[in-house]
Amino acid sequence: MKKNSKLIWTPDRSKFPEQNSDGSLDVDLASQKYVKVWQGPNHPGVTGNMSLELTICGDEIVQAKTHVGYLHRGFEKLIERRKFIQGFTTCIRMCVAEPDTNEYNFSRCVEELSGIEVPEMANWLRALALEMARLQMLLRIVPGQGNTTGLGLGVQWGVYLRDLILDRFEELTGGRVYHMYITPGGVRGLLPDGFKQRMEDALKKIDEFIVDITKLMYNNAVFKKRTVGVGYLDPAWIDKFGVVGPNARAAGFKRDVRKDYPYLIYDKLDYEPFTATDSDIYTRSLVRREDLRTTVELIRQIMAKMPKTGNIRAQTPNVLHWKIPKGETYVRCESSRGEYGYYMVTDGSEFPRRVNLRGPSYVHAVSLLEKLLVGANIADVSSMMVSLGTCPPEIER
Amino acid sequence: MEQILQDIGKQFKITDIVKKRDNLNFITCEKEQTISLITYLRDIKGFSHFVLLSVVDWIEDGVFQLVYFLNNPDKKIDIGIRTMISRENATMTSAHHLWEQIATYQRELKEMYGIDFPGSPRVDESFILEGWDDIPPMRREFDTKKYSEENFFPREGRETNDPEEYMKKKLYPDEEK
């Protein structure tokens, strides 16, 4: 922290107009001192279908407003009109990049409210699928951070390696993007023959990638210049804004759902979440690189420790006539972006009464990003968004 | 957790305590006391992490169930605080002063359920549904099928994948003619 404190850039915010109590800003655009710029929805530096309405003064941002709604498909409403098994195939679409966390949370909610215990073998396979999902997501995010500063090579490496993990997903589940592998009651199948060896081959390449990306990106002078001390997230904001996952860990908060609220078989695995304290773009990216290393290690541990075979499905009611007694629950897991939760309410019928997703981006991409961007340079907007891991589908479910 | 619930019970009128897991409880609190209870839990009991603000529409009872979900990161415990508000002129005291992200939740609930939170920043700005002029769409009485039939039309020449229709065509092809 001390090492970088001189580098942390603090703009002179006194020259910006004061915000009103309701968050609005009296900016006289006719004065020609301020300009409104839209970053997105069609912009290479925006993480998905969202846009930022930026009011800038010179190069500096005076006010930022997040706009979502370009992707709204009303999933939570649709699920209320569908049976539980139909809702399952709908909810996974809420996050395209990492759908397995939706599969797990939805299935776990249904199982908990129905009183179903899942066999141990299924829990190991679920953990494997979740870690594979995290791995392929991190292979996009980690080099993607370099891409925001013009370093495109790492992304090409990441795309190749991600494809290797998608190949493993394809042979395990039949699907590359949407897997529908973790279903209510268990999982859909055991590991194919030779899966572990093929996975190990892919993991070895990812080990090499971590070494290479460190040399290419983390030791790169331009990348450091653009990210060290930029986008500083004050640790006091972690609870104030509800920041979770790697963003909180980069600010010194050791928060990881897998450790704090162990689910599946995570209590049988040996690892420590990586934390840092500098809390800038570089550090958040560094935490994600260490998450990548941890995930590779966890997949190896899971494959080594899991039973060779076993029952993978619990007895469930007929899925077309599955009624769940009145109740409510909240289930969470750790996604690549932090705490990912589902709140489900049932009313005794064949349909869920309410399913509400709590995605990390709901906080990171709206209230936090809007505050963090004030005073930032417009050239750093993309880096900040990627460093926060924003994902719009979680906002407009 | 038991001790915390006892302490809450001494100062606030809480009902319907449901122990879901060792570290997860749901309680119901009166509308007037809810924000005080949340403030008490945050400042005195260490529930510093605000997880979620959600709504359940109990249309048959004429109420919305608001759920404030709080987490204590040190003790690793969660609590869900339910409060019932009337569906007619649905209004709730804003809690945006407690956590910054609550303003976003309140803005969304205003748009999706029509629940007002007077004083909440930008609560009247559209969040997702720009230019929406129908009833708030997440309310139970909003019929998505009827809305889509009135506003959109099926594409011509589109074949149905409905199992019943498919089997009917396959087994009794003459009947259709």
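Using a probe radius of 1.4 Å on protein heavy atoms only, what is the accessible area buried between chains A and B, both sides summed, to the nearest 100 Å²? All intermediate terms of the calculation are to be shown ahead of the outcome.
Details: alone 16770 and 11720 Å², together 24550 Å².
So the buried area, both faces added, is about 3900 Å².
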- Diffusion coefficient, µm² s⁻¹, Stokes-Einstein with Kirkwood Rh over alpha-carbon pairs of segment A:193-328 at 10 °C and 1.306 mPa s: 87 µm²/s
- Query: Once a ≥ b ≥ c are taken as the square roots of the eigenvalues of the Cα gyration tensor of segment B:84-136, is the result rounded (a/c under 1.5), prolate (a/b larger than b/c) or oblate (a/b not larger than b/c)?
  - Reply: oblate
- Message: For chain A, what does the accessible surface come to per residue with a 1.4 Å probe? Please give it in Å².
- Response: 37 Å²
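Could you state the orientation-averaged shadow area of the convex hull built on the Cα atoms of chain A, in nm² to one decimal? Each step should come with its number before you reach the end.
Values: hull surface 80.1 nm².
Quarter of the Cα hull surface area: 20.0 nm².
Which trypsin sites (Lys or Arg not before Pro) in segment B:6-92 pass both tests, a DSSP loop state and at most 15 other beta-carbon atoms within 10 Å? Could the numbers behind the result be given before it?
Details: sites: B:Lys10, B:Lys13, B:Lys19, B:Lys20, B:Arg21, B:Lys31, B:Arg42, B:Lys45, B:Lys75, B:Lys76, B:Arg82, B:Arg87; in loops: B:Lys13, B:Lys45, B:Lys75, B:Lys76, B:Arg87.
Sites meeting the loop and neighbour criteria: B:Lys13, B:Lys75, B:Lys76.
At 25 °C and 0.890 mPa s, grab the translational diffusion coefficient of segment B:2-176 from Stokes-Einstein with a Kirkwood Rh over Cα pairs, rounded to a whole number in µm² per second. Each step should come with its number before you reach the end.
Working: Rh = 19.1 Å.
Calculated translational D: 129 µm²/s.
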- Note on the structure: In segment B:103-152, the residues losing 30 Å² or more of accessible area (1.4 Å probe, heavy atoms of protein chains only) relative to their chain alone are B:Thr104, B:Tyr105, B:Glu108, B:Pro121, B:Arg122, B:Phe127, B:Ile128, B:Met138, B:Arg140, B:Thr144
- Within segment B:79-177, DSSP-loop GluC sites (Glu not before Pro) with at most 15 other C-beta atoms within 10 Å are B:Glu88, B:Glu125, B:Glu130, B:Glu141, B:Glu156, B:Glu159
- Taking the dipole of the protein assembly as shown about the Cα centre (Lys, Arg +1; Asp, Glu -1; charges at Cβ), the one of A:Ser107, B:Met138, B:Thr39 that reaches farthest to the positive side is A:Ser107
- Item | Most mobile listed residue (A:Pro246, A:Pro192, A:Pro41) in chain A, GNM with C-alpha springs under 10 Å | A:Pro192
- Note on the structure: Between the modelled labels at A:Asp59 and B:Ser148 (7 Å from Cα along Cα→Cβ) the distance in nm is 4.8 nm
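Based on DSSP, what percent of beta bridges with both residues in chain B are antiparallel, to the nearest 5? Could the numbers behind the result be given before it?
Values: 24 of 30 bridges.
Counting DSSP beta bridges with both partners in chain B, the antiparallel share is about 80 percent.
For every helix of n ≥ 4 consecutive DSSP H residues, a contribution of -39,500 (n - 2.57) applies; sum these over chain B, divide by its total residues, and give [θ] at 222 nm rounded to the nearest 500 deg cm²/dmol. Before the final figure, lay out each step's value.
Numbers: 6 runs with 56 residues, N = 177.
Using -39500 (n - 2.57) per qualifying helix, the result is -9000 deg cm²/dmol.
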- Task: Starting at the first residue of segment A:245-262, write each ³J(HN,Hα) from the Karplus equation 6.51 cos²θ - 1.76 cosθ + 1.60 with θ = phi - 60°, in whole Hz, x for Gly and Pro.
- Result: x, x, 5, 6, 5, 6, 9, x, 9, 7, 10, 8, 4, 5, 8, 6, 10, x
- Message: Under 5 Å between amide hydrogens, which residues at least 5 positions from A:Ala251 or on another chain qualify, with H placed 1.01 Å from N in the peptide plane?
- Response: A:Ala276
- For A:Glu339, enumerate residues with amide H under 5 Å from its amide H, sequence gap 5+ or separate chain, H modeled in the peptide plane. A:Gly245
- Query: Quick one: Cα centre-to-centre distance for segment A:40-119 and segment B:43-82, in angstrom?
  - Reply: 20 Å
- Message: Can you give me the solvent accessible area of B:Ile128 with a 1.4 Å probe, rounded to the nearest 10 Å²?
- Response: 10 Å²
- Query: At a 1.4 Å probe, which residues in segment A:223-260 are at least 50 Å² less accessible with all protein chains present than in their chain isolated?
  - Reply: A:Asp239, A:Lys240
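Keeping the other protein chains in place, figure out the carbon and sulfur percent of the accessible area of the protein assembly as shown, with a 1.4 Å probe. Could the numbers behind the result be given before it?
Values: 12220 of 24550 Å².
Reported share for carbon and sulfur atoms: 50 percent.
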- Item | Positive dipole terminus of chain B, leading residue within B:Leu53, B:Gly114, B:Gly9 (C-beta point charges) | B:Gly9
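Under a 1.4 Å probe, what is the accessible area of chain B per residue, stated in Å²? Each step should come with its number before you reach the end.
On the way: 9780 Å² over 177 residues.
Here the residues of chain B average 55 Å² of exposed surface.
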- Among A:Leu269, A:Leu368, A:Leu298, whose mean-square fluctuation peaks in a Gaussian network model of chain A (Cα, cutoff 10 Å)? A:Leu269
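When the helices in chain A are scored as -39500 (n - 2.57) per DSSP H run of 4 or longer and the sum is shared across all residues, what 222 nm value do you end up with, to the nearest 500 deg cm²/dmol?
Details: 14 runs with 159 residues, N = 397.
Dividing the helical sum by the residues of chain A leaves -12000 deg cm²/dmol.
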- Item | Complex-versus-alone comparison for segment A:39-77, residues with a loss of 40 Å² or more in accessible area, probe 1.4 Å | A:Lys65, A:Val68, A:His72, A:Lys77
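The values are calculated or read from the model by the stated rules, or taken from the named source; none is laboratory data. These numbers come from a predicted model, not from an experiment. Positions of Cβ are generated from backbone atoms using ideal geometry, with glycine treated the same way; all protein chains shown enter the neighbour counts. These area figures cover heavy atoms from the full protein model, side chains too; ligands, DNA and RNA do not enter into them. Shrake-Rupley method; radii C 1.70, N 1.55, O 1.52, S 1.80 Å.
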